[in-house]
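Structure record follows, encoded as structure tokens.
The values are calculated or read from the model by the stated rules, or taken from the named source; none is laboratory data. Bear in mind that the values here come from a model prediction, so they are computed numbers and not experimental data. Reconstructed Cβ throughout: ideal geometry from the backbone, glycine too, with neighbour counts over all protein chains shown.
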Amino acid sequence: MAEDYLSDREQEEALREWWRENWRWIVGGVVLGLGLLGGWRYWEAHGERRAQQAAVAYEELSSAVQASDYERAEHALSELIDRHAGSAYVEQGRMLLAKMHADREKFDEALALLQAASKADDEELAQVARLRAARIMIHQGRHDDALALLNVAQAGAFLAQVREVRGDALFAKGDQEGARAEYAAALASDSDAQIDRTLLEMKLQDVGGGEPSTADAQAAVQE
């Protein structure tokens, strides 16, 4: 290579010339790299602080609910929504306050919070919110609204629970045949870890069913 034939002085001079021509790019690249690294670390730390603040705000809400302090709980949820709108704690907070409303028989207020929570990015949390909202609708006599809210095709791991609540809605509106099909489908479902099988079997018997039959399960699927 040509460098092998240069003297030490010539190589040193060539290196200096190269440095004079390129130092701005090199220094700029180093500064940019350090800036990006610093920015990333700042963003990470900022995200952690925000998550911690949201957790503290949720704890305030939880404490207010446990103390049955309605006004404080309302204020805590409002603060949580205003300051941490993108946090999962917001939807959990809505569901927590919704339970407090339901316990006080303020069903319209509870339903509004659950319907908001049902739009959460966390699909499991959203599905739980829909199930609770449907139960309130059944209590209010809004059976068809409850049925429309619970989409069997999108139930996923909550299929058995969705089928059971749909059965409750159909039973409440006097459709024993439809309720029997839903209860049977719930019992036949593979996703039955979160249901009370004994209670569900009693419900099935109340609408004229015995052991879950293939015909009843197929009737629910074809509905």
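Things to note:
- Filter result (without any contact (Cβ under 8 Å) to a residue 12 or more places away in the chain and of a type in the set (Gly, Ala, Ser)) within the range 68-103: Ser78, Ala85, Gly86
- Some residue of the range 20-30 being modelled with pLDDT of 70 or more and among the aromatic types (Phe, Trp, Tyr): no
- Ile195 surrounded by 13 or more Cβ atoms within 10 Å (Cβ to Cβ) and closer than 19 Å to Glu124 by Cβ: yes
- Residue within the range 93-104 that is in a helix (DSSP H, G or I) and basic (Lys, Arg) present: yes
- Residue among Leu61, Leu77, Leu113, Leu36 that alone is part of a helix (DSSP H, G or I), within 30 Å of Val152 (Cβ to Cβ) and either modelled with pLDDT of 85 or more or not small (Gly, Ala, Ser) (or both): Leu113
- Counting residues in the range 109-131 that are over 27 Å from Arg72 (Cα atoms), free of Cβ contacts under 8 Å to residues at least 60 places away in the same chain, surrounded by 15 or more Cβ atoms within 10 Å (Cβ to Cβ) and of a type in the set (S, T, N, Q) gives one or more.
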